[in-house]
1. Checking Thr62 against (1) surrounded by 13 or more Cβ atoms within 10 Å (Cβ to Cβ); (2) at pLDDT below 55; (3) among the hydroxyl-bearing types (Ser, Thr, Tyr), which test does it fail?
2. Taking segment 216-241 as the region of interest, how many residues are modelled with pLDDT of 90 or more and polar (S, T, N, Q)?
3. Looking at this structure, is Arg30 of a type outside the set (Phe, Trp, Tyr), in a helix (DSSP H, G or I) and at pLDDT 70 or above?
4. Which of the residues that make up segment 100-124 are part of a helix (DSSP H, G or I) and hydroxyl-bearing (Ser, Thr, Tyr)?
5. Starting from segment 145-173, take each residue that is within 22 Å of Asp208 (Cβ to Cβ) and free of Cβ contacts under 8 Å to residues at least 40 places away in the same chain and list its partners that are among the acidic types (Asp, Glu) and part of a helix (DSSP H, G or I), counting only C-beta distances under 8 angstrom and pairs at least six apart or across chains.
6. Can you find a residue in segment 117-125 that is at pLDDT below 85, under 28 Å from Ile31 (Cβ atoms) and either of a type in the set (Val, Ile, Thr) or in contact with a Ser or Thr (Cβ under 7 Å, 6 or more places away or on another chain) (or both)?
7. Taking segment 166-182 as the search range and keeping residues that are β-branched (Val, Ile, Thr) and at pLDDT 95 or above, which one is surrounded by the fewest Cβ atoms within 10 Å (Cβ to Cβ)?
8. If you check Leu168, Leu147, Leu127, which single one turns out to be closer than 28 Å to Glu85 by Cα and either out of contact with any Phe, Trp or Tyr (no Cβ under 8 Å at 6 or more places or on another chain) or part of a helix (DSSP H, G or I) (or both)?
Amino acid sequence: MPLEALGNDEEGRIAIDSLKRFGVNTDYIRIDPHPTNIMNIIIPNSTLGDDTIIHSWYSPITNTRTLEFRNNLPTSLPPELLDKEIFVLLDKFETINFEFLTHIKNKKVCLDIGHYRFIEHFSKQYLTSFFKHANLIQLNYHVCDLLFERLQIQNEFEFFDLLGLDLLVITKGKKGATFIFKDNHVFKSIDQSPEIIAKVCDSSGAGDAFFATVIKEYAYASRIDDGFITNTFMIANKASRDVISAMGSRRI
């Protein structure tokens, strides 16, 4: 089955070179003609029972083109989107994305910080300014100490408060996740551990599956409380478990 997830850009070429170094046959990898996606924009639509997905290049779910932003992200949304609350998903923090977030209104910004290399080339001031646009951040626990040192903060509670987040999720692999939020203006931290430990076939995409589920629950939540955390972790953990139980980062 051809792999269709590689974009026609430097990151795609790096991925192929890495596979070759480990002796993996890359003859059947198909290069998508478009660059790797840098941003997803999701518009929740409860009347349709699913989400309308619009983003900068193409949909990894439907493999179809949507809005064609290319390398020039707009500083205003199309008229039909102006009255809608959109959810912007990012794991890259380049200036082009920062400019987009600065100008676009009615947005909820969801950031996934899964590796220190995502942030190592940016200054403290830039990262702080960028992250202050965020409403929800998922942070891999391996990154915490390095990120907090870079931002000169003491812990996850100071990080949460500094950015004014709705929700901070710190993922811990097999140990589950920690959810930090405010309930009636009081900081709360809830640790959730999986009841079932799945046999890992391939861990690729597990964090993405978890993040996607958390975002969808967040998008439709009326409030974030203990019940929301328990239910969200249960669903997100199952999504990750399904992914790691099979080869490849997608379940078709």
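1. All conditions pass for Thr62, except number (1).
2. Number satisfying all stated conditions: 3.
3. Values: of a type outside the set (Phe, Trp, Tyr): yes; in a helix (DSSP H, G or I): no; at pLDDT 70 or above: yes.
No.
4. Here is the first cut: in segment 100-124, the residues part of a helix (DSSP H, G or I) are 100-103, 116-118, 124.
Thr102, Tyr116 - these are the residues of segment 100-124 that are part of a helix (DSSP H, G or I) and hydroxyl-bearing (Ser, Thr, Tyr).
5. Leu168/Glu156; Ile170/Glu156
6. Checking segment 117-125: not a single residue is at pLDDT below 85, under 28 Å from Ile31 (Cβ atoms) and either of a type in the set (Val, Ile, Thr) or in contact with a Ser or Thr (Cβ under 7 Å, 6 or more places away or on another chain) (or both).
7. Among them, the one singled out is Thr178.
8. Going through Leu168, Leu147, Leu127 in turn, the sole match is Leu127.
The values are calculated or read from the model by the stated rules, or taken from the named source; none is laboratory data. Source: prediction; values computed, not measured. Positions of Cβ are generated from backbone atoms using ideal geometry, with glycine treated the same way; all protein chains shown enter the neighbour counts.
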